[in-house]
Structures are given as structure tokens and as C-alpha cells.
Amino acid sequence: MNQVLLLHSTLLKQKESTTSGHTYDSLRHLRQGKRFRAGPVAWVIYFNMPTDTKRVRGPEVSQSPSLFSCDPAAVLPSKGPRADGRRRDQVDVRPVFVRCGLVSQAKGSAYLEAGNTKLMCCVYGPRETDRKDETDMKCGRLTTDMRFAPFSCPERGSWIQGSQDKDFSLMLHESLQPAICLHKYPRSQIEVSVMVLENSGSVLAHAVTCASLALADAGIEMYDLVLGCSMRQDGTSYVVDPSYMEENGCSSGSCENQGGLTVAFLPSLNQISGLQSDGDMTEETLTAGVRTCIEGCYKLYPVIQRALTKAVCKAAPSQSES
């Protein structure tokens, strides 16, 4: 009985020297994939086709798409202590660590940590504007840029500025501009750049505080420091300085009277420079939320003052040098 085998071209060359009494004087028929008879064995030769370099080869081992699906939002309890031990319905902010003057290439810089939320801000200027048509002879110009590092969020992002980054940059600009004496810097621009290194909630509020500290470190004349605080309303309960899970998690209660609020506050002047809210909250809840955020800013104020005073004392020349 004849046998049919599939051989590669390399095996064919080996068979040429071992086949009894038969030699293949030409590979022309073999390259065409023709079938021929050589004694008791019938051979069918197939050769590899050229590799398609434009086709993306799939993985050798496939996985179920359910492994890569996003986990459903966690259902957070509306009563009892929070996940990090802080209390609900009270102005309980996370411990804050701040440091000024860490970036030598910038005119002023600041680093802030609030829990696991980490931000870095750099201030450049005042310097001449890039475009002459945007030059104001009586007032300076403030530009803000806020970006998230690709590794800052649980879902990896991109270096390209997205819609959320642009919205936060605009909110940061609206919160800082009323506090800066821009009339002291005509025909100049001041650039504020904030980079979020890790997002663990309340990013916008802490970005306002970090940017204000960097502006003060750069020696920019300001009417007052700008401090930020945020809160999350969940029905009849609320949390101050919410974490990432509290901002994006689902509540076990109803969907009424839920939302977020961020306030930018000037503590010495007792004025609000910026306010951003989302969700569905009643007028009474919104008013109470603003008062709660202002109280949170006052709790943060002494920490910012000590950090700024320490930076000024470090930069000032010692008595021996003077």
C-alpha cells in the first residue's frame, strides 16, 4: 500500500542520498508541488509560502475576553467608617505633605502628597509672551497646563492631553487667576504646569493648593494663597477629601442628592475664587457643602504656611554670608 508523506524541502535533500536506486535530477516538478511515484512510496512535497510581513500574528495562547473586562464599580457603604478609617459627615481630611523648591530648572516648584495622591507643580516666568498678538500692555497673562501621567490612574492613560486634562486645566486657571496680581506683570506671561503622579482622589483640589504654593515659591505677587478642598455627597451623608474609590464608586442608596463639589478658597480674604460641582444636589446641600469645603481649607492653611515659611528660610542667606 502506498504511503503519502508531507516533506519540507530540507528533508527532500536528505532523501535524495538515501532513496534506493532513485535520484531526483530536477527540483522543478517538486517546487510546483506535483505528486510523483518513486518505487513503493508516493511523495507529495509542499514548500513554505513567503511570510506576510503586514499581517499581525495573534498570540500562540489565547485568553478569554472576560479576563480583560473592567471590573464593576464597587458598591460603597453609605454608613459607618470609611475605608481608610476617616469619619463620615465630618471635616476629616487626609494628612498632607508639601515641599517647595524641588525643581531647580523652574522659577518655583512644589510637591504635594495627600494620602496616595501625589502631584508636582512647576512655575515658569514671568517672561515675554510667545505670540505678539496675545501681548497685553496693561496686564500679564496666565497659562495653566494640568496633565495626568500614564501610570497615575488604575487604567493606564496616554501622554496626549485628553478632554479631562483640558477641563481640569481650565478649572485650575479660573481658580488661580483672581489671586495673582497680573497687573504687576504687563506684556508677560506666567506658566503653571501641574503633573499628577498618582491619582487617589480629590486631584483638582490638591492641584489648586500645589499650584498656589509653587506660585508663592516663584515670588509671584499674589493677593492671597489659594487652597482647594472637595467633598462628595451621597444622599444624606457626605465625605470630605474623597478617595478615588469614593469618587467613582456606586452607592448602595438611591440616586437622589448625589454629586461632587470642589471649592478654591482664599483664606486671608475669606473669598471663593473657584467652584466646580457635578451631579444632582439640592440648593441646601450645595450651600452646606461649600461651608464644609471652606472649613477643610482652613484646616489645611497652617500646613501650607509652615511649608512656605520653611522654604523662605532655607532660601534666605544666612547671617554669616550677609
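The values are calculated or read from the model by the stated rules, or taken from the named source; none is laboratory data. From a predicted model like this one, the values you see are computed outputs, not experimental measurements. Glycine gets a Cβ as well: all are built from the backbone with ideal geometry, and neighbour counts include every protein chain shown. Calculation scope for accessible area: heavy atoms of the full protein, side chains included, ligands and nucleic acids excluded. Shrake-Rupley method; radii C 1.70, N 1.55, O 1.52, S 1.80 Å.
Tell me, what is the percent relative contact order of segment 108-220, built from C-alpha pairs under 8 Å that lie six or more residues apart?
It comes to 47 percent, rounded to a whole number.
About the Cα centre of segment 94-214, what is the dipole size in debye to 20, counting +1 per Lys and Arg Cβ and -1 per Asp and Glu Cβ, all else neutral?
Details: 14 positive and 13 negative charges, 67 e Å.
Charge dipole, segment 94-214, about its Cα centre: 320 debye, nearest 20.
Roll a 1.4 angstrom probe over the protein heavy atoms and tell me the percent of accessible area of segment 95-229 that is carbon or sulfur. Please report the intermediate quantities before stating the final value.
Details: 3130 of 6200 Å².
C and S atoms contribute 50 percent here.
Ratio of segment 141-236's C-alpha Rg to 2.2 N^0.38 Å, to two decimals? Write out the running numbers ahead of the final one.
On the way: Rg = 14.5 Å, N = 96, 2.2 N^0.38 = 12.5 Å.
Taking N as the residue count of segment 141-236, the ratio is 1.17.
At a 1.4 Å probe radius, which order do S212, S277, S243 fall into by accessible area, largest first? Let's see the in-between values first.
Working: S212 0, S277 60, S243 25 Å².
Largest accessible area first, the residues go S277, S243, S212.
Rounded to whole Hz and in sequence order, give me ³J(HN,Hα) for segment 266-277 from the Karplus expression 6.51 cos²θ - 1.76 cosθ + 1.60, θ = phi - 60°, writing x for Gly and Pro.
After applying 6.51 cos²θ - 1.76 cosθ + 1.60, I find 9, x, 5, 8, 6, 10, 9, 9, x, 8, 9, 9 Hz.
Quickly work out the L286-to-K138 label distance, labels modelled 7 Å from Cα along the C-beta direction, and quote it in nm with one decimal.
According to this spin-label approximation, the distance is 3.3 nm.
With charges only on Cβ, +1 for K and R and -1 for D and E, what is the dipole size of segment 163-280 about its Cα centre, in debye, rounded to 20? Spell out each step's value before the answer.
On the way: 4 positive and 15 negative charges, 87 e Å.
Roughly 420 debye for segment 163-280.
For labels at E295 and T236 in the simple 7 Å Cα→Cβ model, what's the distance in nm?
For E295 paired with T236, the spin-label model returns 1.8 nm.
Could you pull the Cα extents of segment 179-220 along its three principal axes, largest to smallest, in whole Å?
For segment 179-220, the Cα spread along each principal axis is 38, 15, 14 Å.
May I ask you to compute the full-extension gain from R187 to W159, defined as 0.36 nm times their residue separation minus their alpha-carbon distance, rounded to one decimal in nm?
Numbers: separation 28, 0.36 × 28 = 10.08 nm, distance 3.10 nm.
Contour length minus the Cα-Cα distance gives 7.0 nm.
Please label the shape of segment 81-156 as rounded, prolate or oblate, based on the square roots a ≥ b ≥ c of the eigenvalues of the alpha-carbon gyration tensor (a/c under 1.5 means rounded; beyond that, a/b larger than b/c means prolate, else oblate). The partial results should precede the final answer.
Numbers: a/c = 2.45, a/b = 2.32, b/c = 1.06.
Prolate, since a/c reaches 1.5 and a/b exceeds b/c.
So which GluC sites (Glu not before Pro) in segment 141-238 are both in a DSSP loop and have at most 14 other Cβ atoms within 10 Å of their Cβ?
Details: sites: E155, E174, E191, E198, E221; in loops: E155, E221.
Loop-located and lightly packed - E155, E221.
Could you tell me what fraction of 2.2 N^0.38 Å the Cα radius of gyration of segment 97-198 comes to, as a two-decimal ratio? Can you show the working numbers first?
Numbers: Rg = 14.9 Å, N = 102, 2.2 N^0.38 = 12.8 Å.
Segment 97-198 yields a ratio of 1.17.
Pop a pseudo-label 7 angstrom from the Cα along the beta-carbon direction at both Q105 and Q305 and give the gap in nm to one decimal.
Roughly 3.6 nm, to one decimal.
Per residue of segment 140-149, what does 6.51 cos²θ - 1.76 cosθ + 1.60 with θ = phi - 60° give for ³J(HN,Hα)? Whole Hz please, x for Gly and Pro, Karplus curve as stated.
Calculated HN-Hα couplings, in order: x, 10, 10, 10, 10, 9, 10, 9, 9, 5 Hz.
Can you pull out the trypsin sites (Lys or Arg not before Pro) in segment 119-150 that DSSP calls coil and that have at most 11 other Cβ atoms within 10 Å? Each step should come with its number before you reach the end.
On the way: sites: R127, R131, K132, K138, R141, R147; in loops: R131, K138.
Answer by residue number: R131, K138.
Excluding L266 itself, what net charge comes from residues whose Cβ is under 15 Å from its Cβ, given Lys and Arg +1 and Asp and Glu -1?
Values: positive: none; negative: E174, E221, D224, E295.
Residues close to L266 contribute a combined charge of -4.
Using amide H atoms built in the peptide plane, which far-off residues or other-chain residues are under 5 Å from L269 H to H?
Residues meeting the criterion, in which the H sits 1.01 Å from N, do not exist here.
Counting only heavy atoms of the protein chains, get the accessible area per residue of segment 174-248 (1.4 Å probe) and round it to a whole Å² value. Please list the in-between numbers first.
Details: 2300 Å² over 75 residues.
Here the per-residue accessible area is 31 Å².
Extension gain Q177-Y223, at 0.36 nm per residue separation less the Cα-Cα distance, in nm? Let's see the in-between values first.
Working: separation 46, 0.36 × 46 = 16.56 nm, distance 1.04 nm.
Difference between extended and current length: 15.5 nm.
Quick check: convex hull over the Cα atoms of segment 202-279, volume per residue in Å³, rounded to an integer?
Values: hull volume 6.7 nm³, N = 78.
Value for segment 202-279: 85 Å³ per residue.
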